[in-house]
């Protein structure tokens, strides 16, 4: 009985091998996107929050990432008298030549460099307070001012109103009627220096132009890493349409120039990648036409031409498998990752 069973088992094995040979060898395969674009950081900086994810479809021009910039704000309210820096300029170079990226003329350009020497003979008139309002007079011209600093007998009054000129000798009073007994002293009119706007790095954006009125704290410029190339933008857009196959960065991460951020695979040029056993490699060559099926279209048969047999195998379970590229099917929609089965020989 055992002998009959052994003969039957051997016969079954022979029939199975014969059937396999008749059907031909097969290889697992998948649709892949061979043309991949690597997106790198154009300069060192911090990535602002983003919602890009691996596997997401993007169109050429879509915003992928944005690097943070260094803002440059107005330190003084006034009028922009001149702008020397343009987008792409090196800030240090502009400042070396012009002394500033831009110049702001203060809103209230005049002040009185006063003292209490000629104040009315009253101790209270000789005791000034920063922030208090004084009333100003020079001949028939009158105005108002604000004490900005006090240094012993000397004090500074910012001119808020009145048609005064540099070097005018102005009397200062505590009372608006300007009686002599409210005089706190006298001083000459002077002009505040213009405000020079400075910064470090490369100018990425310019937000003002000559003649603009600005308030303290207004955004004037944005700068980026000084080592960045001229003309780069902090906004990183997709150069091609496709799918994000890999994402290497996170929101808020510090990145360096040239660091890989993500990869985008083109969906225009897809192909089949088959894992061919080393034992079957001698049966095929570039240019051969192989048939295959796609799991997504199980009721259809396709064929494609071998375009490449990659020379380095991947070891797995005591065998080496080689990546064989085959042209993708036409007339159906395929996407990277779709599974297929390739028939090597019949």
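Every number here is computed from the coordinates shown, using simple stated rules; none is lab data. In this text the structure is predicted, and so the values were computed from the model without any measurement. Every residue, glycine as well, gets a Cβ built from its backbone with ideal geometry; the counts of neighbours run over all protein chains shown.
How do 104, 284 rank when sorted from fewest to most other Cβ atoms within 10 Å of their own Cβ?
Ascending number of Cβ neighbours within 10 Å: 284, 104.
Sort 50-63, 114-127 for me by packing, meaning the mean count of neighbouring Cβ atoms within 10 Å per residue, highest on top.
Result, highest mean Cβ count within 10 Å first: 114-127, 50-63.
Quick one: 305, 223, 26, fewest Cβ neighbours within 10 Å first, how do they rank?
By the 10 Å Cβ count, ascending: 305, 26, 223.
What relative contact order, as a whole-number percentage, does the chain give when Cα pairs under 8 Å and 6 or more residues apart are counted?
Normalised by residue count, the contact order of the chain is 28 percent.
Using Cα pairs under 8 angstrom and six or more residues apart, how large is the relative contact order of the stretch 110-191, in percent?
Here the relative contact order equals 40 percent.
Would you mind checking the stretch 85-104 for residues with the amide N under 16 Å from a putative spin-label position 7 Å along Cα→C-beta of residue 256?
So the set is empty, nothing qualifies.
For n ≥ 4 DSSP H runs only, could you compute -39500 (n - 2.57) per run for the chain, divide by its residues and tell me the 222 nm figure to the nearest 500?
One gets -3000 deg cm²/dmol as the mean residue ellipticity at 222 nm.
Would you mind ranking 216, 259 so that the residue whose beta carbon has the fewest other beta carbons within 10 Å leads the list?
Least crowded to most crowded, the residues run 216, 259.
Nearest 10 degrees is fine. How inclined is helix 2-23 to the longest principal axis of the chain, computing both from alpha carbons?
Result, in degrees: 60.
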